[in-house]
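The values are calculated or read from the model by the stated rules, or taken from the named source; none is laboratory data. Model, not experiment: these values are computed from the prediction. Cβ placement follows ideal geometry from the backbone for every residue including glycine, while neighbour counts extend to all protein chains displayed. Ligands, DNA and RNA are excluded from the accessible area calculation, which covers all protein heavy atoms including side chains. Shrake-Rupley method; radii C 1.70, N 1.55, O 1.52, S 1.80 Å.
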Amino acid sequence: MTGRVVHVGQAIVDLVMSVDEVPAAGQDVFASSYTLTAGGGFNVMAAARRDGAEVVYAGAHGTGRFGDIVRAAMADEGVVVVNAAETQLDTGFCVALVDAAAERTFVSTVGAEGELDVRHLDEAHVREGDVVYVSGYGLYPPGNAAAITSWLPRVPAEVMVVVDTSPMIAHVPSDVFALVAARADLWTANEEEARALHTRLGIGTTSDPAGIAAETAAALDATVVVRVNRAGCWVAAPGTEPVHVPAIEMVPVDTNGAGDAHTGVLCAGLVAGEPLLEAVRRAAAAAAIAVTRRGPATSPLRGEIDELVQSAGRAEQPGEGVSPTPARS
C-alpha cells in the first residue's frame, strides 16, 4: 500500500453496557456486563489497520484517564497519532446500551476531540494515494466543522474523501454540509442515515434503498454505499444502476461497531487499490464477523475476512461497472 487512511473524526471512550432492554424514561435496570474501552472513530481506524492499511489519526485528544485509554488503544493497533494531547480537557466518552436483540442505543459527550483546529489536520500532510475519512459526528461541534471545511479544499485533488454520514447528518448546518459535499467522493451510510440524507437533499419519492442510493449518488455527484444490515448493501455511482452486494448471514450477538468495521475495511480496500465492489464485499464480510463478537472494536484481521469471502462461495457475484467517483479536481 502506498497510501494511508487519514482519520479526521473523533476517537473517544465507549462505556458499553449489556442490558435485557433499554429502560423507559424514569426506570432503572442493571447491566449484565460492561466494558470501558476506546471507541467512536477508533473503531474505524482499528478495522482499517487490521485489514493492513496504514492509518493516521489527525484528530484532537485530551489528557486524563479517557485520553490515556484512547492513546493506548491506538498505539496497540499501530495507528499513527500526529498531534500532541490537548492539556485543558480529557477525551469525551459515550454510553452504549446493547440490548438482548443486539441493538444499541447511545448517549455521548464531547471532550477534547471537539476542539479540532486546522493545525491538527495539517499535521497529517495528506498526499496522493491517501483516503481521508470524515464523520458526520466530526461535523457536529462547530469548531470541528469550521476546521474541516477550511481544510478540505486544500486536500490534493488526487486524494479520495470518504464521508461516513452518521446519525448526525440531519443536524449538520447547511453551509457545512454544502462545503463537505463539494469535496466528498464517496458517502457511506446505514439505511436510516441514508434516508435522512435523501430527505435532506429533497430529491425523488422513492423509499427503497436501491432507489435512495441511486438518487443520492446523482444529487451529490458521488458514489454512495447504503448498508441494509442483513439485506446487504447497495452501491451506486452517478449515471450507473445501483448494484446489490449481499450480506453474509451470521448470528449476531452485538451489532455495536459493525458499521465501523464495514467502513474501515472499505477505506482500507480503497487505499489498497481494490475495485470498489471487491472492497465492499470484503467490508461486508468484516461486518458479518464483527456482529458475532461483543464490543465496539470487533473488526477481524485481514486473513479472517479473506477466508470468509472465499468460503461464502457466492453463486451470484455483484455486477461490474461501478467504480468509485474519481477524486475531485
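Of all residues in segment 278-303, count the ones that are surrounded by fewer than 20 Cβ atoms within 10 Å (Cβ to Cβ) and closer than 24 Å to Ala236 by Cβ.
Selection size over segment 278-303: 1.
Go through segment 78-91 residue by residue and tally those that are open to solvent by less than 70 Å² (accessible area, probe 1.4 Å) and touching a helix residue (DSSP H, G or I) at 6+ places or on another chain (Cβ under 6 Å).
8
Please work out which one of (1) open to solvent by 20 Å² or more (accessible area, probe 1.4 Å); (2) at pLDDT 95 or above; (3) out of contact with any Leu (no Cβ under 9 Å at 6 or more places or on another chain) is the condition Pro167 fails and give its number.
The one condition Pro167 does not meet is (2).
Looking at segment 96-108, which of the residues that are within 28 Å of Val56 (Cβ to Cβ) and touching a residue at least 40 places away in the same chain (Cβ under 8 Å) is least open to solvent (accessible area, probe 1.4 Å)?
Ala96
Among the candidates Ala279, Ala286, Ala297, which residue alone is in contact (Cβ under 8 Å) with a residue 40 or more places away in the chain, part of a helix (DSSP H, G or I), of a type in the set (Gly, Ala, Ser) and within 19 Å of Asp164 (Cβ to Cβ)?
Answer to the selection: Ala286.
State which residue pairs qualify: first residue under 16 Å from Val81 (Cβ atoms) and without any contact (Cβ under 8 Å) to a residue 24 or more places away in the chain and inside segment 117-131, second residue open to solvent by less than 70 Å² (accessible area, probe 1.4 Å) and polar (S, T, N, Q) in any location, beta carbons under 8 Å apart, and separation of 6 or more residues or different chains.
Once the first residue is under 16 Å from Val81 (Cβ atoms) and without any contact (Cβ under 8 Å) to a residue 24 or more places away in the chain and sits in segment 117-131, no partner that is open to solvent by less than 70 Å² (accessible area, probe 1.4 Å) and polar (S, T, N, Q) comes close enough.
Which ones in segment 51-78 are touching a His at 6+ places or on another chain (Cβ under 7 Å) and either among the polar types (S, T, N, Q) or not in a strand (DSSP E or B) (or both)?
Ala58, Gly59, Ala60, Gly67, Val70, Arg71
Would you point out which residue out of Ala189, Ala184 is of a type in the set (A, V, I, L, M, F, W, C), touching a Ser or Thr at 6+ places or on another chain (Cβ under 6 Å), within 28 Å of Glu158 (Cα to Cα) and not in a helix (DSSP H, G or I)?
Selected residue: Ala189, the only one of Ala189, Ala184 that is of a type in the set (A, V, I, L, M, F, W, C), touching a Ser or Thr at 6+ places or on another chain (Cβ under 6 Å), within 28 Å of Glu158 (Cα to Cα) and not in a helix (DSSP H, G or I).
Can you tell me which residue among Thr263, Thr216 is polar (S, T, N, Q), modelled with pLDDT of 95 or more, part of a helix (DSSP H, G or I) and within 27 Å of Val19 (Cα to Cα)?
Thr263
Which of the residues belonging to segment 217-248 are under 13 Å from Ala194 (Cα atoms) and either charged (D, E, K, R) or buried (at least 24 other Cβ atoms within 10 Å of the Cβ) (or both)?
Ala217, Thr223, Val224, Val225, Val226, Arg227, Cys233, Trp234, Val235, Ala236
Select from segment 22-50 the residues that are in a loop (DSSP other than H, G, I, E, B) and at positive phi and list them in ascending order.
Listed by number, the list holds a single entry, Gly26.
For the subset of segment 63-79 comprising residues that are among the hydrophobic types (A, V, I, L, M, F, W, C) and within 18 Å of the chain's Cα centre (by Cα), which member is farthest from Val8 (Cα to Cα)?
Ala73
Are any residues in segment 185-200 more than 11 Å from Val224 (Cβ to Cβ) and not charged (D, E, K, R), and if so, which ones?
Of everything in segment 185-200, those that are more than 11 Å from Val224 (Cβ to Cβ) and not charged (D, E, K, R) turn out to be Asn190, Ala196, Thr199.
Look through segment 112-123, keep the residues that are open to solvent by less than 10 Å² (accessible area, probe 1.4 Å) and more than 19 Å from the chain's Cα centre (by Cα), and return whichever of them is nearest to Thr292 (Cα to Cα).
Selected residue: Ala112.
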